[in-house]
Amino acid sequence: MPLIIKSYPDLTLDELYELLQFRQEVFVVEQDCPYLDADGEKDKASWHLWLTDDGGRMIAYCRILPEGVSYTGYAAIGRVISRQDQRGTGAGRRVMEEAIRWIGENWPGIPVKISAQCYLDRFYQSLGFVPTGEEYPEDGIPHQAMILRK
């Protein structure tokens, strides 16, 4: 299954449409969470990483944000999703591992921070993230700030 990573300006219109539709399917429809997913400058500043199936359909995705876009002093990984029929297959883990590797290669020495949905706490801890601070609601869903342990 191919992994693809592109900066915002390098995305084709079809790729942008597919990733926005995919994010809406999961975050807005599936999680019943009405919020503005297309958040302007963050998407434009991000690198977009996704895994495709053999037919070219996105099956897992995340965006990688440079230091200072989401958090001062930290790069970030966000909008991490996988299709329902792909959960438990390792697709989400593969996308996260690649995002972590990419940040280390392209922005060495920059720490990584995420805002994780609390129910996925164990998944992110298994990737090396540690919780920091208090739990907080984000778009009606409990979240936890986490920092990647080096």
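The values are calculated or read from the model by the stated rules, or taken from the named source; none is laboratory data. As the structure is a computational prediction, the values presented were derived from the model and not from experiment. All Cβ positions, glycine included, derive from the backbone under ideal geometry; neighbour counts span all protein chains shown.
Among the numbered criteria (1) under 17 Å from residue 81 (Cβ atoms); (2) surrounded by 14 or more Cβ atoms within 10 Å (Cβ to Cβ); (3) without any contact (Cβ under 8 Å) to a residue 24 or more places away in the chain, which one does residue 119 miss?
Of the numbered conditions (1) under 17 Å from residue 81 (Cβ atoms); (2) surrounded by 14 or more Cβ atoms within 10 Å (Cβ to Cβ); (3) without any contact (Cβ under 8 Å) to a residue 24 or more places away in the chain, the odd one out for residue 119 is (2).
Hey, can you tell me all the residues within the stretch 12-37 that are β-branched (Val, Ile, Thr) and touching a residue at least 40 places away in the same chain (Cβ under 8 Å)? Show your work before the answer.
Looking only at the stretch 12-37, we keep the residues that are β-branched (Val, Ile, Thr), and these are 12, 26, 28-29.
26, the sole residue that qualifies.
Conditions: (1) touching a strand residue (DSSP E or B) at 6+ places or on another chain (Cβ under 9 Å); (2) in contact (Cβ under 8 Å) with a residue 24 or more places away in the chain. Residue 54 meets all but one. Number of the miss?
Status for residue 54: all satisfied but (1).
Looking only at the stretch 43-64, which residues are aromatic (Phe, Trp, Tyr) and either modelled with pLDDT under 95 or buried (at least 23 other Cβ atoms within 10 Å of the Cβ) (or both)? Working first, answer last.
Filtering the stretch 43-64 down to residues aromatic (Phe, Trp, Tyr) leaves 47, 50, 61.
The answer is 50, 61.
Out of curiosity, is residue 16 under 16 Å from the mean Cα position of the chain (by Cα), modelled with pLDDT of 95 or more and farther than 20 Å from residue 107 by Cβ? Step through it out loud before you land on a result.
Details: under 16 Å from the mean Cα position of the chain (by Cα): yes; modelled with pLDDT of 95 or more: yes; farther than 20 Å from residue 107 by Cβ: yes.
It is true that residue 16 is under 16 Å from the mean Cα position of the chain (by Cα), modelled with pLDDT of 95 or more and farther than 20 Å from residue 107 by Cβ.
Contact list please: Cβ distance under 8 Å, first residue in the stretch 139-150 and without any contact (Cβ under 8 Å) to a residue 40 or more places away in the chain and assigned to a strand (DSSP E or B), second residue surrounded by 14 or more Cβ atoms within 10 Å (Cβ to Cβ) and of a type in the set (Phe, Trp, Tyr), pairs at least six apart or on different chains.
Every condition considered, the pairs that remain are 146/124; 146/129.
Which one of these does residue 95 not meet: (1) in contact with a His (Cβ under 8 Å, 6 or more places away or on another chain); (2) in contact (Cβ under 8 Å) with a residue 40 or more places away in the chain?
The one condition residue 95 does not meet is (1).
Of these, 38, 145, which one is surrounded by fewer than 20 Cβ atoms within 10 Å (Cβ to Cβ) and at pLDDT below 95?
Working: 145 fails: at pLDDT below 95.
So the residue among 38, 145 that is surrounded by fewer than 20 Cβ atoms within 10 Å (Cβ to Cβ) and at pLDDT below 95 is 38.
Listed here are the residues, each with its yes/no results for (1) within 21 Å of residue 139 (Cα to Cα); (2) β-branched (Val, Ile, Thr); (3) in contact with a Pro (Cβ under 6 Å, 6 or more places away or on another chain); (4) modelled with pLDDT of 95 or more.
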site	(1), (2), (3), (4)
85	no, no, no, no
88	no, no, no, no
112	no, yes, no, yes
118	yes, no, yes, no
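Tally the residues that are of a type in the set (A, V, I, L, M) and either touching a Cys at 6+ places or on another chain (Cβ under 9 Å) or outside any helix (DSSP H, G or I) (or both), restricting the search to the stretch 5-45.
Number satisfying all stated conditions: 4.
Go through the stretch 98-111 and report how many residues are over 19 Å from residue 51 (Cβ atoms) and touching a residue at least 40 places away in the same chain (Cβ under 8 Å).
2
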